[in-house]
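**Student:** Below: one structure in structure tokens.
Derivation of every value follows stated rules applied to the coordinates shown; laboratory data play no part. The structure displayed is predicted, hence computed values, not measured ones. Please note: Cβ atoms are built from the backbone with ideal geometry, for glycine as well, and neighbour counts cover all protein chains shown.
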Amino acid sequence: MYANAKLEARMEELSFSQAELAKLINLAIERLTGSPGSVTDADVRRWLRYETKWPQDRIRLCIEEVLDASSEALGFIPRRKKSGAPSEDGPVLRREFHSAAGGAILSLTVPQTTPRGRLGVADAQRFHQDYVTILRRDREVGGTRQVENLAIELALRVQSALASGTVSSRVRDMLHGLAADAMTSAAFAALDSRSPSRARSHLGQAMTFAGLSRSPEKTYRVWDHLMLTSSMGENHSEAAAGAEVMKRSTASRRDPLYASLGHMRNANALARLHHRQDALRAHGLAEKNFNRTSDEPRSDWISFYSRAEFDALSSYMWAAMGDHYRAEYCLHRTLAALPDDLVRDKALFTAHLALTHARQGELELACSTGAKAYAMLPSGSKRTSNVLAKTREVVAASGSKVAEVVEWIEGSHQWI
């Protein structure tokens, strides 16, 4: 164990190697200053060994941003300040960072290794293939920091290419759309790892890129993820307002699939606000629009919204209204329809199924289903582990003395 046990523990929690942490800090420094950072894994080891107890202000601020924790919480020890000496740290520097994170990424200094020349559709297609790979990885393993970092890097590469080459307006729109997709995927990975503050930061950048792309679908997707961020923060009024924007958007007017998802998100937000009749009405509109959809080509990301996903989102609404029998029925339909390669989704929905069992008093079944969810749990999906933790709370609160239940409560304490 290193001397700085807090920093070491946070790195282990996020599955960061020393080299990966250094790389992401350098990206954060680049967003802040416009120039690449020079942090190495050797620097990280110096922090862990307390050879450096209080890194430079800008580096330390980027460490906080990457690890989503304060310097003190990460085990760093402030230097003693001379009386009356001004501090470089504090609100001004933090405002500088957040301002940079939201906007300065659009004017990065491009590394000399960035290829120069005229960018064409083939270049956009190569970037798109990288994006599809990231999207596939996310659906397989969940929101790991590796997926999040790869998405951020892709957006940076796209922006660097745009800054260093000439481009037609059509290709520029395509590339800005890709940058929007990449940052939105980074945000979803952050949400899956239960880091809504990081997700919001990514979505601020994604919204800028979506606007530059002039694509209603890209803007719609950012609003969808903003709504999810609000919901994760238990701000259901804001989530409902975001869903209103989605269902009234240009994308929803053009395509009933987008309209259906907007109404479904609205139904879930309204159910959590205890507006039962409004939620049921929104759910009915979601189903009506879903049944009107065709098999026309669409953006890669919206392919998640299949009949299986429709049933899963319906189950969340029924659970929020206390109808756990209907929630269970919808989840069984979802799990029967999901392809085997969607490991993250299978684990998540199996965990929700365990929770519905627990809430119906079927404790032994909840335990066995929860164990099944844990067995397939991807390392990055803290959403799934959070649902399992809720299941454990319900089961433990029952006070059951059944041997299988007691054993599961004790055993699950080690992995939830």
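**Student:** At 0.36 nm per residue, minus the direct Cα-Cα distance, what do R49 and R281 gain on full extension? Give it in nm, one decimal, please. Write down the numbers at each step before the final one.
**Tutor:** Details: separation 232, 0.36 × 232 = 83.52 nm, distance 5.87 nm.
Between R49 and R281, full extension yields 77.6 nm more.
**Student:** For the stretch 360-401, what size does the Cα cloud have along each of its three principal axes, sorted from largest down, in whole Å?
**Tutor:** On the principal axes, the stretch 360-401 reaches 32, 16, 15 Å in Cα extent.
**Student:** While we're here: Full extension from A163 to A3: what is 0.36 nm times the residue separation minus their Cα-Cα distance, to one decimal in nm?
**Tutor:** That works out to 53.3 nm of additional length.
**Student:** A follow-up question, please. Any idea what log10 I(q)/I(0) is at q = 0.15 Å⁻¹ for the stretch 163-272, Debye with uniform C-alpha scatterers and no solvent?
**Tutor:** Taken in order of the listed q values, log10 I(q)/I(0) reads -0.62.
**Student:** Suppose every Lys and Arg Cβ carries +1 and every Asp and Glu Cβ carries -1, with no other charges. What dipole size does the chain come out with about its Cα centre, to the nearest 20 debye?
**Tutor:** Dipole size: approximately 1020 debye.
**Student:** If the reach is capped at under 15 angstrom between alpha carbons, list the aspartates and glutamates near K218, excluding any in the same chain fewer than eight residues apart.
**Tutor:** D173, D181, D255, D300
**Student:** So how far, in whole Å, is the C-alpha centre of the stretch 1-47 from the one of the stretch 146-192?
**Tutor:** The distance from the Cα centre of the stretch 1-47 to that of the stretch 146-192 comes to 23 Å.
**Student:** Now a separate question. Starting from the Cα of A403, move 7 Å in the Cα-to-Cβ direction to define the label point; list residues of the stretch 364-395 whose amide nitrogen is under 16 Å from there.
**Tutor:** 364
**Student:** Now, a different point. What is the local net charge at C367, summed over the other residues whose Cβ is closer than 12 Å to its Cβ (Lys, Arg +1; Asp, Glu -1)? Walk me through the numbers before you get to the answer.
**Tutor:** Numbers: positive: K372, R392; negative: E362, E364, E404, E407, E410.
Neighbourhood net charge equals -3.
**Student:** Which of the peptides 270-283, 304-317, 219-232 is most tightly packed, and how do the rest follow, going by the mean number of other Cβ atoms within 10 Å of each residue?
**Tutor:** So the order, starting with the most tightly packed, is 219-232, 304-317, 270-283.
**Student:** Quick one: grab Rg to one decimal and Dmax as a whole number for the chain, Cα atoms only, in Å.
**Tutor:** Both quantities, over Cα of the chain: 22.9, 71 Å.
**Student:** With +1 assigned to the C-beta of every Lys and Arg and -1 to the C-beta of every Asp and Glu, and no other charges, what is the dipole magnitude of the stretch 145-196 about the Cα centre in debye, to the nearest 20?
**Tutor:** Values: 5 positive and 5 negative charges, 18 e Å.
Once rounded to the nearest 20, the dipole reads 80 debye.
**Student:** Rounded, prolate or oblate: which fits the stretch 131-197 when a ≥ b ≥ c are the square roots of the eigenvalues of the alpha-carbon gyration tensor, with rounded for a/c under 1.5 and prolate only if a/b beats b/c?
**Tutor:** Working: a/c = 2.66, a/b = 2.34, b/c = 1.14.
Here the stretch 131-197 falls in the prolate category.
**Student:** Looking at this model, which pairs from K6/K372; K23/K382; K372/K401 are more than 29 angstrom apart at the alpha-carbon?
**Tutor:** K6/K372
**Student:** Moving on to the next point. Label points 7 Å out from Cα along the Cβ direction at A389 and R214: separation in nm?
**Tutor:** 4.6 nm
**Student:** Separate question: Percent of Cα-Cα pairs per 10 Å bin, from 0 to the last occupied bin, for the stretch 260-353, please list those.
**Tutor:** 17, 47, 32, 4
**Student:** Picking from G370, T334, A319, whose Cα lies most toward the positive end of the charge dipole for the stretch 303-409 (charges on Cβ: Lys, Arg +1; Asp, Glu -1)?
**Tutor:** Of the candidates, A319 comes out farthest on the positive side.
**Student:** Then there is this: Ordered by packing density, taken as the mean number of other Cβ atoms within 10 Å over each peptide's residues, highest first, how do 11-23, 188-200 rank? Before the final figure, lay out each step's value.
**Tutor:** Numbers: 11-23: 16.5, 188-200: 22.4.
Answer by packing, highest mean first, reads 188-200, 11-23.
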